[in-house]
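Enquirer: The structure follows.
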Amino acid sequence: MRDDRLEAKREAATLDGPAAEARNLAERLGLEPYPVRYWVVDHDEMNELIAYGGFERRYPHWRWGMNYERQRKKDRHGLGKAFEIVNNDDPSHAFLQESNTAADQKAVITHVEAHADFFANNGWFGLYADRGEDGPNAAARLERNADRLTAIGRRPDVDRDEVERLIDAVTALEDTIDQHSPVDAARGDDAVDAVDAGPPSDDEDAELRARIEELDLSEEVRQDVFNDEWLDAQDAGIEPDDPRPDVLAFLRDHGERYDPDTGKAVNREPWETTVIDAVREEAYYFAGQKVTKVMNEGWATYWESVMMGGEGFAGPDEFLTYADHMSRVLGSPGLNPYKLGFELWTHVELRAARRDVIDKLLRVEGVTPGTFHSTVDLDRVAEALEPHPPIKGAGPAMLDELADLAAEGDPRVDAETVDRALSVRDDDLASDEGPDIERYPWKLLTHEGLAERHYVLSRPQHHGALRNVSRASLEERARYMFEVDRYATIDAALADVDRSAGWDRMYGVRESHNDVTFIDEFLTDEFVRERNYFTYEYSQASEGYRVASVDAEDVKRKLLLQFTNFGKPTVVVLDGNFRNRGELLLGHRYNGVALDEAQAKATLERVFELWGRPVNLATIRTEYTDEAVRRAQRRGSEPDGEEVGVLFQYDGGEVTEHDLGSEVKERIVADEVDYDTKPDDWLA
């Protein structure tokens, strides 16, 4: 084992140089990542880290062992090798697989640097991370929770199995938080008010009971309508004015524990609330990763490709290995967040750069939306947008040309590095006494120079981007342009083109969006058409899957459904005193996608453990008659079904199914699905 550790240390030492250079390049490209600490681990250690969600210590629970065994089998059978894992913390900790090739290690280091930038700058992570003087400290948070829950499990008055059972119940509901609010704010005003006001006074309780006595009801009627559970519920004040999206917070604040000995709900022990708070807090921490999976992985993949391929961070002898690595990442089947995110970020960059050029050209005298394609020589424009040769070919062979530009004060050139490189060359000094511009030619350029060198409209695959702009799009841009800053010639307009426009737009988008808003804004008709996206669905008639649509709006809706609310059904609290019996009523916000009823029933049993009294779930399902299915099969169409309201109830025995009243059914139908999952003031 000692030899293995020494080998890991030696491997880590060889990565110090590439890690430092990757950080320098990332910052020159405009990224602002957290500091990153790199660790090299073996297969078993990597599997443990993956099982624990990227951290070395978590609270005791059986699911970590289950996660580990699943990952170990995938690793053993070649079904999912992990090249690295990185956590969103300050500093970030990145763990690299020691069996990676040198090219793989460099690829994951550049990938990690971009992740660390996303963690540091995306606002959604700011909702969940600890923000002290030293910035977020997720490792300390999770370690603190591990210590607290371990201590609870060791207490002589606490059954360890009961602790794990409670954790099971909370983790089954960890996605029912309000992911758009900080962890404390999401508990709602009613919870805060309850804490501020304290429990109902004895006078208020006595007054309510006295008023009931004045009704002079028989004991049978009183127990049926105003039973003790109802009175307790009134005391607790647990009827939300509006549907509450944070189910877990509602259960934490108002739920109890079912006592099988008495058959009633009893108050929780303080340690139980501590467990709920700890697990719920961690759910908020990991929510940031869940709501930005496509953006985050796409962002890291984009900048990895710029650094490894565009700037030659992968050496000549490593490039083929890296290309194979990237093809496997982007070629994974199914809904691939790396591929979708990478393509969307490129689309964001292209749109911004194209808009900048079009805005400049539409300000040229004599150029209008109607004359754009006939007046502007787009081949000449494409040629003019190519990087300046010394910038494009920056390296030892271009030193003299770059020196001339530096002497003129050209902002694209790093004059200090060019001067040092010339001194080394002219004085015939050893290469290690100067900048290694042969291995890292990007050191000769500033951010402006790198932006021009990687300008999106100069890439061969995007040469037709201006030619394909429609007249309608040109008219839309011209509509918002004022009669200022006109250009006499096309050359003058092109001289003002901002080569950083694409990257600047990307930096802004990465600060404010999550996956839903990202897809909603940037998955355009053009994107869907050029990349051949389509939707598919299960056919009741043919009992198989079929292509449903190639329409961009349909593709967008289908994707948004998969990312809204972590891709899980949206369930809200409708009533904490359902039927005046202290029962809980949850509502599935039905948007045409049915619940997995078996899973819903199992989860309802977990809700019961956190409520202590009967729990109910209202939903809607579509039912098909045999005749409707046969008729549709004959016609080659889909059958018409009937949307039926269903109420599932669990009281500690078996889950039972009941008809759903029309009033509740109307409350859970989402006529128009709301995908606008951002705070109102985040996006201008």
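Enquirer: So is Gly645 farther than 30 Å from Arg529 by Cβ, touching a residue at least 60 places away in the same chain (Cβ under 8 Å) and surrounded by 14 or more Cβ atoms within 10 Å (Cβ to Cβ) or not?
Expert: Details: farther than 30 Å from Arg529 by Cβ: yes; touching a residue at least 60 places away in the same chain (Cβ under 8 Å): no; surrounded by 14 or more Cβ atoms within 10 Å (Cβ to Cβ): yes.
Spelling it out, it is not the case that Gly645 is farther than 30 Å from Arg529 by Cβ, touching a residue at least 60 places away in the same chain (Cβ under 8 Å) and surrounded by 14 or more Cβ atoms within 10 Å (Cβ to Cβ).
Enquirer: Also, quick follow-up: Would you please name the residue that is nearest to the chain's Cα centre (by Cα), looking only at residues in the range 261-298 that are crowded, with 18+ Cβ neighbours inside 10 Å and among the hydroxyl-bearing types (Ser, Thr, Tyr)?
Expert: Here the answer is Thr292.
Enquirer: Let me ask another. Inside the range 302-356, can you point out the residues that are under 25 Å from Asn514 (Cβ atoms), free of Cβ contacts under 8 Å to residues at least 60 places away in the same chain and basic (Lys, Arg)?
Expert: The one that is under 25 Å from Asn514 (Cβ atoms), free of Cβ contacts under 8 Å to residues at least 60 places away in the same chain and basic (Lys, Arg): Lys339.
Enquirer: Can you list residue pairs whose Cβ atoms sit under 8 Å apart, with the first residue in the range 455-476 being within 14 Å of His347 (Cα to Cα) and in contact (Cβ under 8 Å) with a residue 12 or more places away in the chain and the second being surrounded by 11 or more Cβ atoms within 10 Å (Cβ to Cβ) and acidic (Asp, Glu)? Count only pairs 6 or more apart in sequence or on different chains.
Expert: That search, which allows pairs on different chains as well, returns Val456/Glu349.
Enquirer: I've got another one for you. Filter the range 131-154 down to residues that are crowded, with 16+ Cβ neighbours inside 10 Å and within 21 Å of the chain's Cα centre (by Cα) and give me whichever is modelled with the lowest pLDDT.
Expert: Pro136
Enquirer: Now, a different point. Every residue in the range 384-395 that is surrounded by fewer than 18 Cβ atoms within 10 Å (Cβ to Cβ) and over 17 Å from Gly310 (Cα atoms), please.
Expert: Correct list: Ala384 only.
Enquirer: May I pose another question? Might you let me know whether the range 273-285 holds any residue that is part of a strand (DSSP E or B) and modelled with pLDDT of 90 or more?
Expert: Of the residues in the range 273-285, the ones part of a strand (DSSP E or B) are none.
Within the range 273-285 (the criterion being part of a strand (DSSP E or B) and modelled with pLDDT of 90 or more), the answer is no, since none of the residues qualifies.
Enquirer: Further, regarding this structure: Determine, yes or no, whether Leu402 is of a type in the set (A, V, I, L, M), farther than 15 Å from Arg28 by Cβ and modelled with pLDDT under 95. Talk me through it step by step, then tell me what you get.
Expert: On the way: of a type in the set (A, V, I, L, M): yes; farther than 15 Å from Arg28 by Cβ: yes; modelled with pLDDT under 95: no.
Considered against the rule, which asks whether it is of a type in the set (A, V, I, L, M), farther than 15 Å from Arg28 by Cβ and modelled with pLDDT under 95, Leu402 comes out as no.
Enquirer: Now, a different point. Of the conditions (1) closer than 21 Å to Ala465 by Cα; (2) in a helix (DSSP H, G or I); (3) among the aliphatic types (A, V, I, L, M), Ala300 satisfies every one except a single condition; which number is it?
Expert: Result: Ala300 fails condition (1) only.
Enquirer: For the condition touching a His at 6+ places or on another chain (Cβ under 9 Å) and hydrophobic (A, V, I, L, M, F, W, C), what is the one hit in Ala421, Ala382, Ala406, Ala352?
Expert: Just one listed residue meets the conditions, Ala382.
Condition check ((1) assigned by TED's automatic domain parsing to the domain that holds Arg471; (2) over 30 Å from Ala415 (Cα atoms); (3) surrounded by 20 or more Cβ atoms within 10 Å (Cβ to Cβ)) across all residues:
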| site | (1), (2), (3) |
| --- | --- |
| Ala300 | no, no, yes |
| Thr321 | no, yes, no |
| Gly334 | no, yes, no |
| Ala352 | yes, no, yes |
| Leu361 | yes, yes, yes |
| Ala397 | yes, no, no |
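Enquirer: Of the residues that sit in the range 560-599 and are more than 30 Å from Leu523 (Cβ to Cβ) and of a type in the set (Gly, Ala, Ser), which one is surrounded by the fewest Cβ atoms within 10 Å (Cβ to Cβ)? I'd like the intermediate steps shown before the answer.
Expert: If we filter the range 560-599 for residues that are more than 30 Å from Leu523 (Cβ to Cβ), which is where we start, we get 573-586, 597-598.
Next, from what is left, pick out any that are of a type in the set (Gly, Ala, Ser): 576, 582, 598.
On the way: Gly576: 24, Gly582: 25, Ala598: 9.
So, considering only residues that are more than 30 Å from Leu523 (Cβ to Cβ) and of a type in the set (Gly, Ala, Ser), the one surrounded by the fewest Cβ atoms within 10 Å (Cβ to Cβ) is Ala598.
Enquirer: Select, from Ala628, Ala618, the only residue that is modelled with pLDDT under 90, of a type in the set (A, V, I, L, M) and not in a loop (DSSP other than H, G, I, E, B).
Expert: Ala628
Enquirer: Then there's this: Among the residues of the range 21-28, is there at least one that is more than 27 Å from Asn137 (Cβ to Cβ), in contact with a helix residue (DSSP H, G or I) (Cβ under 9 Å, 6 or more places away or on another chain) and surrounded by fewer than 18 Cβ atoms within 10 Å (Cβ to Cβ)?
Expert: The answer is yes, given that some residue of the range 21-28 is more than 27 Å from Asn137 (Cβ to Cβ), in contact with a helix residue (DSSP H, G or I) (Cβ under 9 Å, 6 or more places away or on another chain) and surrounded by fewer than 18 Cβ atoms within 10 Å (Cβ to Cβ).
Enquirer: Please list, ordered by first then second residue, the pairs with beta carbon atoms under 7 Å, 6 or more apart or interchain, first in the range 256-269 and assigned to a loop (DSSP other than H, G, I, E, B), second small (Gly, Ala, Ser) and at pLDDT 90 or above.
Expert: Note: pairs meeting the criteria are Glu256/Ala265; Glu256/Gly612.
Enquirer: Now, a different point. If I go through the range 613-628 residue by residue, how many of them are over 11 Å from Leu586 (Cα atoms) and not aromatic (Phe, Trp, Tyr)?
Expert: The initial filter retains those residues of the range 613-628 that are over 11 Å from Leu586 (Cα atoms), namely 613-614, 620-628.
Retained after the next criterion (residues that are not aromatic (Phe, Trp, Tyr)): 613-614, 620-623, 625-628.
Looking only at that region, the number is 10.
Enquirer: Being in a loop (DSSP other than H, G, I, E, B), buried (at least 19 other Cβ atoms within 10 Å of the Cβ), among the hydrophobic types (A, V, I, L, M, F, W, C) and in the same structural domain as Thr489 (by TED's automatic domain parsing) narrows it down to one of Val381, Val367, Val357, Val348, so name that one.
Expert: Answer to the selection: Val367.
The values are calculated or read from the model by the stated rules, or taken from the named source; none is laboratory data. Keep in mind the model is a prediction, meaning the values are calculated, not measured. Cβ atoms come from the backbone with ideal geometry, glycine included; neighbour counts cover every protein chain shown.
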